[in-house]
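Bear in mind these aren't lab numbers, they're just calculated from the coordinates by the rules spelled out. Since this is a predicted model, take the numbers as computed values, not measurements. Note: ideal-geometry Cβ built from the backbone for every residue, glycine included; neighbour counts use all protein chains shown.
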Amino acid sequence: PARLVVLISGTGSNLAAVLAAIEQGTLTGAQVVAVIADVDAAGLDHARSCSIPTAVVRLADHEDRAAWDRALADEVASHAPDLIVLAGFMRLLGAPMLERFGGRIINTHPALLPSFPGAHGVRDALAYGVKVTGATVIEVDAGIDTGRILDQRPVLIEPGDTEDTLHERIKEVERVMIVDVIRDLLQAAPVGPPTTTLEADRNTAEVTTQ
Ligand code: GAR
């Protein structure tokens with residue numbers, strides 16, 4: 001199966017949806033081989049309860065941002081991923097991740113890009129007063145939520161919505177869409193045996209699980 005590495009910072013409901021889809025057989029040919037966070041994310045418990053290796057790569061544990069970027073890329077590489085899924089990962093990826101895994105990283109965002117990119121997609125859409133927002137899955141590039149759009153689904157804003165109520169409805173849509181996108185990507189580009197590079201990554205990088 002294709003090796004998925006999922007990066008999270010939060011509750012991990014999208015991660016849980018991917019794990020459930022694999023478990024229930026609605027997403028086949030995929031395996032989550034590691035869940036990596038930048039903080040002690042609550043969602044790591046989903047991984048632990050499925051006996052999936054986890055790692056936390058904290059910015060504060062590294063000398064500077066560049067060192068953290070390298071450490072994150074090394075940790076990810078140690079799991080030899082075919083596809084990297086950012087599921088509520090709240091930091092931008094640096095050059096080490098993009099150079100090594102560019103074209104194989106997807107991100108789910110709680111707004112209809114290119115509207116409302118960044119860390120507060122739900123809040124910003126509400127504040128602007130749009131009547132329709134939604135969720136977008138993109139291929140990650142060096143910009144802030146600027147990558148190629150892979151899928152996008154609308155959510156209507158209702159009178160009385162708060163950031164929380166709206167975000168919950170968006171997440172319901174995201175949980176379905178992220179699984180659909182992963183399935184589509186794997187069908188479009190089935191994964192063969194690991195390449196030499198991936199094998200080399202797996203053998204040389206240090207694995208820090210907890
Ligand atoms: C999701 O809504 C995701 O789109 C958002 O964080 C939430 C994570 O929820 N990501 C961003 O805002 C990225 N800019 P989860 O931890 O329950 O999956």
Notebook entry, point to check: What Kirkwood radius, in Å to one decimal, follows from the Cα pairs of segment 12-140?
Noted result: 15.9 Å
Notebook entry, point to check: Counting only DSSP beta bridges with both residues in segment 30-176, what percent are antiparallel, rounded to the nearest 5?
Noted result: 65 percent
Notebook entry, point to check: Of the residues Val130, Val140, Val179, which exhibits the maximal mean-square fluctuation in a Gaussian network model of the chain defined by a 10 Å Cα contact cut-off?
Noted result: Val130
Notebook entry, point to check: With θ set to phi - 60° and the Karplus curve 6.51 cos²θ - 1.76 cosθ + 1.60, what are the ³J(HN,Hα) couplings of segment 161-172 in order, to the nearest whole Hz, using x for Gly and Pro?
Noted result: 4, 10, 4, 5, 5, 5, 5, 4, 5, 5, 5, 4
Check: In segment 107-151, which residues have a backbone nitrogen under 13 Å from the label point lying 7 Å from Ala188's Cα in the Cα-to-Cβ direction?
Finding: 107, 137-140, 148-151
Checklist line | For segment 83-160, average projected area of the Cα convex hull in nm² | finding: 5.0 nm²
Item checked: Residue-span extension gain [Asp180 to Asp141] - 0.36 nm each, minus C-alpha spacing -> 12.0 nm
Margin query: I'd like the distance separating the alpha-carbon centroids of segment 55-93 and segment 8-40, in whole Å.
Written below: 16 Å
